[in-house]
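Take a look at the structure set out below.
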Amino acid sequence: MMEWSDRHCRHLWRLISHHAVLYTEMVTTGALLHADPARFLRYHPTEHPLALQLGGSDPVALAKCSRMAEEWGYDEVNLNCGCPSDRVQNGMIGAILMAHPTKVADCVKAMQDSVSIDVTVKHRIGIDDMDDYAGMAHFVETIAKTGCKTFIVHARKAWLQGLSPKENREVPPLRYDRVYQLKQEFPELEIVINGGLHTLAQCEEQIVQVDGVMVGREAYTNPYLLAEVDQRFYHDHHEIKSRQEIAAQFVEYCQEQMSEGQLLKYMTRHMLGLFQGLPGARRFRRHISENAHKPDAGISVLEDAIGLVNF
């Protein structure tokens, strides 16, 4: 599973891996219900399987947004109970919901009753002083009684006071053992682990203990990490695309999107790490950073940048 991505990033990821489940950036129910839903929900047909991650705590609003996700063709809808930012806390969204398992269960039940696609939950191992295993287990058990089967667990707790969102991704120690214990105690549930995973070898080690792995920031900074995912995890042995082939296909995608009014800068920023480790990668990044944001930036900016890489 790959998380936290806008549609341009997801398209790049899908060019590299055919099978990994892609998750959207979290979208709040308020944004979907009171703004243009197409802004948040549109995607390229190649992105399936695709999940919409929602932020909210009102069962009625979450049910409405879940129906929108199903109507738009999403394969799954996920409730975010892990984001630690002040903005979402104030709206009773994200990790703060771990302190209210009954409320989350009501939300999940309302979402399930409104759609036929899977409803899943992403959460932390704890928040603030609620950092023992029992608290997380109670949270999961309460929600599982609704029939929810899939829990994606970021193996760090969140400090809702005192740490920034960035620090909450790095400072609290990883406790993979808590996630393993959860799987052992609830073998009937699908438990997916998240946090601190940088290589496919590390992911393979996790699969021995849990049902799945979610990777976020490493896939964003080093997208070619996904090149072997299909072979190693999905037993699909199609030929792995080269970075050059992926870049060429992404150029075609950018041309298509720009013909519809999209700006180049919103797409190129997601491929800055594609050539990580290759000679010329720094020149590629610099050329994109210095030119893609210009008002008249055309596809030649990306083509010229790719030409600076030594394949």
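If amide hydrogens are placed 1.01 Å from N in the peptide plane, which non-local residues have theirs closer than 5 Å to the one on T28?
Correct list: G55.
What angle, in degrees between 0 and 90 and rounded to the nearest 10, separates the Cα long axis of helix 133-144 from the longest principal axis of the Cα atoms of the chain?
90 degrees
For the Cα atoms of the chain, what angle does the longest principal axis make with the long axis of helix 243-258, in degrees from 0 to 90, nearest 10?
Between helix and principal axis, roughly 90 degrees.
What is the angle, in °, between the Cα long axis of helix 101-114 and the longest principal axis of the Cα atoms in the chain? Nearest 10 is fine, range 0 to 90.
It is inclined by approximately 60 degrees.
How many Lys pairs in segment 2-234 lie less than 28 angstrom apart by Cα atoms, where the lysines are 8 or more positions apart or on different chains?
28
Under a point-charge model restricted to the Cβ atoms of Lys and Arg (+1) and Asp and Glu (-1), what is the dipole moment magnitude of the chain relative to its Cα centre, in debye to the nearest 20?
The calculated dipole for the chain is roughly 740 debye.
Bear in mind that the values in this text are calculations on the coordinates, not laboratory data. If you're wondering where the values come from, they're calculated on a predicted model, not measured in any experiment. No Cβ is skipped: glycine too gets one built from the backbone with ideal geometry, and neighbour counts run over all protein chains shown.
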